[in-house]
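Colleague: Quick one: structure below, then a few questions.
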Amino acid sequence: MNILIIGSGAREHAIAAALHRSKQQPRIFCCGTSVNPGIKQMAAEYWVGDITDVTAILDTAKKWQISLAIIGPEAPLEKGLADVLWGVAIPTIGPRKKLAQIETSKGFARDLMSKYRISGLPRYQFFSDMSGVETFLYQLGEGNYVVKANGLMGGKGVKVAGDHLHSISEAMDYCQEIISLKQSIVIEEKLIGQEFSFMCFCDGENIVPMPIVQDHKRAFVDDKGPNTGGMGSYSDADHSLPFLTKKDVDTAFAINELVFRALTNEMQEKYIGVLYGSFIATREGVYVIEFNARFGDPEALNVLTVLQSDFVTLCEGWVTGNLTRDHVQFFPQATVCKYAVPEGYPDAPIKDVIIDISAVKNKSRLYLASVNAAGGKIYATGSRTAAYVGVADSISAAEEISEKEVCGISGPLFHREDIGTERLIQHRIDDMRKLRE
């Protein structure tokens with residue numbers, strides 16, 4: 001099989017590694033925005049360019065006689081890349097443009113949940129201009145709102161009262177900023193609790209769960225600093241998380257399934273790809289923060305590293321509507337992923353600095369992200385640089401491995417030492433227990 005991966009970050013490196021481990025030994029091809037040497041060494045061919053240029057990717061896929069495509073990031077989904085590839089009979093993992101609105105339009109996602117009376121919906125309102133914004137902010141109350149850009153903003157379009165916005169006038173300024181970018185906004189009530197990522201495989205007919213993961217958005221230790229694309233994440237050996245109850249897990253999966261069915265019904269199209277619910281466990285139960293229409297990054301690194309099933313066989317079932325839970329087995333192990341990022345990240349990262357990965361012992365669990373390879377050297381290009389996934393029987397043992405190995409990535413980089421530590425996880429458990437009481 002000739003399998004095409006669209007994207008060249010750590011998520012796509014993890015996808016390539018999972019394909020590479022398959023007994024079927026597919027030929028791997030990549031269309032990326034830069035040269036990721038981790039992917040390139042596994043690839044038969046590698047194209048660098050604009051991955052939202054649908055025509056260029058289509059021409060390249062035809063030239064390479066691609067038999068299956070996997071779309072990594074959200075931007076090509078928004079441009080309708082899946083529609084175009086299916087149009088020339090290339091089965092594609094990643095939903096069509098209409099279905100991808102579950103991620104690309106926060107207003108669409110909220111309205112869909114409302115229309116189909118799906119639980120987990122916070123109070124919200126959609127605005128295409130500033131009229132009514134101030135009134136709704138005051139209705140929610142000072143410190144009790146979240147402002148979200150309706151469309152894609154690279155994971156940086158959300159500001160939370162108390163964390164990023166310290167008054168209604170600051171919130172008004174931020175709303176005006178988004179509106180001036182020709183974007184609309186969703187304002188919703190602030191939810192208090194523990195966030196978690198629950199990704200599922202959707203084959204158009206069936207929905208199959210992956211291990212639940214907790215991401216860490218804040219740049220610095222103890223959840224301080226600005227929001228990022230995600231500084232790292234962990235999963236537990238039982239595929240749940242230490243602060244979640246069985247009811248929380250069942251509720252979140254039921255919401256994912258209802259949204260999957262609602263999307264299918266609303267669009268009269270099959271949803272083939274990943275449906276990723278970003279949830280929060282609160283005192284009142286599980287609520288939805290947002291949905292994504294693709295693998296999370298870093299969450300994909302956690303789950304694909306412990307995937308026991310043959311990924312090529314899984315992909316074949318995935319695009320033909322024949323995916324069952326038997327196809328999808330994960331090792332009963334815990335994972336901790338830590339990202340090394342450039343100094344100054346995310347607000348003013350240094351760029352085009354050389355990094356060295358030679359001290360990392362087990363490179364099969366090292367995933368390169370925002371890098372470019374040239375002249376035998378690897379350059380960090382300014383966003384998250386490289387991630388390491390530790391795997392063990394417990395979260396704390398996985399954390400020790402991850403911490404040791406991520407320190408082997410040298411260069412002007414930093415990482416969050418606290419992700420997956422017993423101290424941080426106990427803090428999450430305690431916070432959740434207090435909330436539930």
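The values are calculated or read from the model by the stated rules, or taken from the named source; none is laboratory data. Quantities reported herein were computed from a predicted structural model and do not represent experimental measurements. When we count neighbours, we look across all protein chains shown, and the Cβ atoms used for this are built from the backbone with ideal geometry, even at glycine. Ligands, DNA and RNA are stripped out before the accessible areas are found, and what is left, the full protein with its side chains, is counted by its heavy atoms. Shrake-Rupley method; radii C 1.70, N 1.55, O 1.52, S 1.80 Å.
Colleague: Test ILE187 against the stated conditions and say whether it is more than 25 Å from ARG428 (Cβ to Cβ), touching a residue at least 60 places away in the same chain (Cβ under 8 Å), among the aliphatic types (A, V, I, L, M) and part of a strand (DSSP E or B).
Modeller: For ILE187, the condition - more than 25 Å from ARG428 (Cβ to Cβ), touching a residue at least 60 places away in the same chain (Cβ under 8 Å), among the aliphatic types (A, V, I, L, M) and part of a strand (DSSP E or B) - is met.
Colleague: List the strands (runs of 3 or more DSSP E) that sit entirely inside region 338-386 and contain at least 2 residues that are open to solvent by 30 Å² or more (accessible area, probe 1.4 Å) and out of contact with any Phe, Trp or Tyr (no Cβ under 8 Å at 6 or more places or on another chain).
Modeller: 377-380
Colleague: So the check is Cβ under 6 Å with 6+ separation or different chains; which pairs have a first residue in region 69-85 that's in a strand (DSSP E or B) and a second one that's open to solvent by less than 10 Å² (accessible area, probe 1.4 Å) and of a type in the set (Ser, Thr, Tyr)?
Modeller: Within 6 Å, the pairs are ALA69/THR92.
Colleague: If only one of ALA387, ALA380, ALA392 is modelled with pLDDT of 95 or more, closer than 18 Å to VAL306 by Cα and in contact with a Pro (Cβ under 7 Å, 6 or more places away or on another chain), which one is it?
Modeller: ALA387
Colleague: Which condition from (1) closer than 23 Å to GLY9 by Cα; (2) in contact with a helix residue (DSSP H, G or I) (Cβ under 8 Å, 6 or more places away or on another chain); (3) assigned to a helix (DSSP H, G or I) is the one that MET113 breaks?
Modeller: Result: MET113 fails condition (1) only.
Colleague: If the requirement is being in contact with a strand residue (DSSP E or B) (Cβ under 6 Å, 6 or more places away or on another chain) and assigned to a loop (DSSP other than H, G, I, E, B), which of these qualifies: GLY390, GLY408, GLY420?
Modeller: Every option except GLY420 fails the conditions.
Colleague: Still on this model: Would you be able to say whether some residue in region 193-214 is within 23 Å of GLU403 (Cβ to Cβ), part of a loop (DSSP other than H, G, I, E, B), open to solvent by less than 10 Å² (accessible area, probe 1.4 Å) and touching a residue at least 12 places away in the same chain (Cβ under 8 Å)?
Modeller: The answer is yes; a qualifying residue exists.
Colleague: Could you tell me which of the residues GLY72, GLY80 is open to solvent by less than 50 Å² (accessible area, probe 1.4 Å), modelled with pLDDT of 95 or more, small (Gly, Ala, Ser) and on the phi > 0 side of the Ramachandran plot?
Modeller: Testing whether each residue is open to solvent by less than 50 Å² (accessible area, probe 1.4 Å), modelled with pLDDT of 95 or more, small (Gly, Ala, Ser) and on the phi > 0 side of the Ramachandran plot leaves just GLY80.
Colleague: Looking only at region 401-437, which residues are open to solvent by 30 Å² or more (accessible area, probe 1.4 Å), among the basic types (Lys, Arg) and more than 23 Å from ALA10 (Cα to Cα)?
Modeller: The answer is ARG423, ARG433, LYS434, ARG436.
Colleague: Inside region 84-121, can you point out the residues that are open to solvent by 50 Å² or more (accessible area, probe 1.4 Å), within 26 Å of VAL312 (Cα to Cα) and either at pLDDT below 95 or not aliphatic (A, V, I, L, M) (or both)?
Modeller: Residues satisfying the conditions are TRP86, GLY87, ARG96, LYS97.
Colleague: Could you please find all residues in region 150-184 being open to solvent by less than 20 Å² (accessible area, probe 1.4 Å), closer than 20 Å to PRO226 by Cβ and touching a helix residue (DSSP H, G or I) at 6+ places or on another chain (Cβ under 9 Å)?
Modeller: Those that are open to solvent by less than 20 Å² (accessible area, probe 1.4 Å), closer than 20 Å to PRO226 by Cβ and touching a helix residue (DSSP H, G or I) at 6+ places or on another chain (Cβ under 9 Å): GLY157, ALA161, LEU165, ALA171, CYS175.
Colleague: If we keep just the residues of region 20-58 that are part of a loop (DSSP other than H, G, I, E, B) and of a type in the set (S, T, N, Q), which is surrounded by the most Cβ atoms within 10 Å (Cβ to Cβ)?
Modeller: Restricting to residues being part of a loop (DSSP other than H, G, I, E, B) and of a type in the set (S, T, N, Q), the top hit is ASN36.
Colleague: Taking SER402 as meeting all but one of (1) touching a Cys at 6+ places or on another chain (Cβ under 7 Å); (2) in a strand (DSSP E or B), write down the number of the exception.
Modeller: (2)
Colleague: Scan region 74-88 for residues that are farther than 21 Å from PHE291 by Cβ and not β-branched (Val, Ile, Thr) and jot them down.
Modeller: LEU85, TRP86, GLY87
Colleague: So, one more: So is LYS246 among the basic types (Lys, Arg) and under 30 Å from PRO342 (Cα atoms) or not?
Modeller: no
Colleague: Name every residue in region 9-19 that is open to solvent by 10 Å² or more (accessible area, probe 1.4 Å) and within 19 Å of GLY229 (Cα to Cα), in order of residue number.
Modeller: GLY9, ARG11, HIS13 - these are the residues of region 9-19 that are open to solvent by 10 Å² or more (accessible area, probe 1.4 Å) and within 19 Å of GLY229 (Cα to Cα).
Colleague: Residue by residue through region 233-254, note down the ones that are under 18 Å from the mean Cα position of the chain (by Cα), surrounded by fewer than 22 Cβ atoms within 10 Å (Cβ to Cβ) and either of a type in the set (A, V, I, L, M, F, W, C) or assigned to a helix (DSSP H, G or I) (or both).
Modeller: Passing the criteria: only PHE253.
Colleague: Going by the structure shown, is ALA398 touching a residue at least 24 places away in the same chain (Cβ under 8 Å), open to solvent by less than 50 Å² (accessible area, probe 1.4 Å) and under 21 Å from GLY7 (Cα atoms)?
Modeller: Criteria not met by ALA398.
Colleague: Looking only at region 129-140, count how many residues are in contact (Cβ under 8 Å) with a residue 12 or more places away in the chain and surrounded by fewer than 12 Cβ atoms within 10 Å (Cβ to Cβ).
Modeller: Summing the residues that are in contact (Cβ under 8 Å) with a residue 12 or more places away in the chain and surrounded by fewer than 12 Cβ atoms within 10 Å (Cβ to Cβ) in region 129-140 gives 2.
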